[in-house]
Structure formats: structure tokens, C-alpha cells
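> Would you mind keeping the following structure in view while I ask a few things?
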Amino acid sequence: MTNARNPPAVSAAVMPITGSQGDERRLARAARRASPDYQKAWFSAPAALLIAGVFIVPLLIVLFQSVTRDSFSLEGYQRILGSTLFWRILQTTLEITVGAVLLSLLLGYPIAYFIAQLRPMQRAIAMIVVLLPFWTSILVKSFAFIVILGERGIVKSMLSQVFGYELATPLMFSRIGVMIGMVHFLIPFCVFPIVNNLLAQPPELRRAALIMGASRRQAFLRVTLPLSLPAMVAGAVMTAVLSIGVFVTPALLGGRRDMMLANLIDYYTREALDWNMAAALSVLLLGVSGSLIWILSTVDSLDRN
């Protein structure tokens, strides 16, 4: 018989861990989780080298050229900030950017709302249709808009032959052509974050609003729209980052008064051959874009919380 005072030996593997031994094991596991896994970090080395080679090194060269003429000098920044041309083009850039962002949101939100109401299979087909503009280069699309919006293009010919209306307003080489081309390119960047937000909203909230007596319009204005504001801000910032550096669309579809900062940089590099001014302008444009990306990351973190 087994003595009750001397129970059989139990292996250490099945004995409960108590006291300081359990604390030590928990601390060891926490230390292993907190310590960096250098073996896994090697997998990111090729991507890090690629980013350093194609982005960081050229950026450092541009920064160096922006503060160097014959020696270290901030003359490029001083000439830019004291130039009337720069401030006029900056104003034009901001006007086009804000207009393109607002139009993209106004057109993109109804599309996103419609897509969010579809069944999964229909939604997948609709998303492919939204992605169609990405299948063609922005340069090719800009040349296509020349054919569509020209004086003898499809739009004016259709208005004249079908409706008997002669449109006197020029659609090409004007602000209208720039806005049409940019909005056509930017709408998908507004649609996708809004669709993602609408699909993530709990349907019980809208159902509860309807049960409490709200109409469909009130449920949308008081529940759906406020909850989708972070996605709208994220889409607006994303489109602003893309539109503020657009070069091809204003160069092909805009007029003399529609020059943007990217076109001014092109002028200093190809025609004036002033690399110091071009580099300084590039750094300023990068600073504006970086600020917008920081706002986007802030909005994204708030949306997740």
C-alpha cells in the first residue's frame, strides 16, 4: 500500500508551477517576445537594400543639390520663397488639388455606397470595373482625353449633332480638362477606403436607428455618414498626395495658367538647367507630401482605435 504521507514521485513536467518558478518562466517568455528576432530580420534585408538604392540615396543627392551651388548655400530656397512665380504656381497647385479632391469625394462616395450594398459576387465585379482606369497608363489616358474633349472631339460633336447645342466653353487646354483628367485618375483612391469602412460598419447600428423611427435618409445622415468620415478624410489625403505632384495631366490637358509645381520642376531641369532650384522645389514638394502622409497615418490610427 502506498503511504499517504509519502505520495509517489510525480515528474516535474506535470507538477504545477507555483511561486518564483512560474514567475521566472513568465519573465523568460516575455523577454523572448520582446527581444528582436534577427534571424527573421534577414528576410527584409533585400527590400531594405532596394529602398535604400532607389529612394533614400537619390533623395540624399537631391537634398545635397538643393543646398549646394558652388559651396553650401540656401540661395535656392531664398530665390524660391522670394519669387512671385512660385507663389502663383503654388496657389494654382493648391486650387487644382483641392478641387480634384472635393470632386473625387463627391463622385466617389455614391459609387462606394452603391458597391457596399451589393452582394459579394456583384461587389467583386463592380470593384474590377472601378479598377479599369489603372489598366491604362496615365499618359495614354491623357492623350485619349485630347480626342474626347477637343474642339472636334466626341463630347462637343455629340452635343452639336444630337442636341443641337454648340458648347463655346473650351474643354481642352483649360482648368476643366485638367480637373476631368485628374478626377478620372483619383476616384478609385476615394472609393476603396470608403467601401472598406462601409463594409466594416456594424449593420445593427443602422437597423437600430430604423427601429427607433428614423427614416432611411436620417439613418444615413446620422449613422452611416458620421462613421465613414475617417475613411473620407483618408481618401481625401491620399488623393491630395497624388494630385499635388501630378505632372502629365496639367502638361497635356492644361493651359498656361494651369502649371503646377511638378511642371515648374520640369522647367528648371529641362529648359533652365538650374538643378539647384529644381532640387529645392523638389524638397519643398516632398515636405508638403510628407505632411499629408503623416496626416493620413494619424487618421488611420484614429480610425482603428
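> Ignoring ligands, DNA and RNA, how do Leu118, Leu199 rank by accessible area with a 1.4 Å probe, largest first?
Sorted descending by solvent-accessible area, the residues read Leu199, Leu118.
> Determine the gain in length on full extension of the stretch Thr169-Phe72; use 0.36 nm per residue of separation and subtract their C-alpha separation, reporting nm with one decimal. Provide the component values of the computation, followed by the final result.
Details: separation 97, 0.36 × 97 = 34.92 nm, distance 4.98 nm.
Once the chain is fully extended between Thr169 and Phe72, it gains 29.9 nm.
> Additional query: Considering only protein heavy atoms, what is the solvent-accessible area of Val155 at a probe of 1.4 Å, reported in Å² to the nearest 10?
Estimated to the nearest 10 Å², Val155 gives 50 Å².
> Where does region 38-158 land on Rg(C-alpha)/(2.2 N^0.38 Å)?
Here the Cα radius of gyration is 1.69 times the empirical estimate.
> Hull surface divided by four, with the convex hull built on the Cα atoms of region 188-305: how many nm²? Could you put the intermediate results ahead of the total?
On the way: hull surface 38.6 nm².
Computed as one quarter of the Cα hull surface, the answer is 9.6 nm².
The values are calculated or read from the model by the stated rules, or taken from the named source; none is laboratory data. If you're wondering where the values come from, they're calculated on a predicted model, not measured in any experiment. Only protein heavy atoms, including side chains, enter the accessible area calculation; ligands, DNA and RNA are left aside. Shrake-Rupley method; radii C 1.70, N 1.55, O 1.52, S 1.80 Å.
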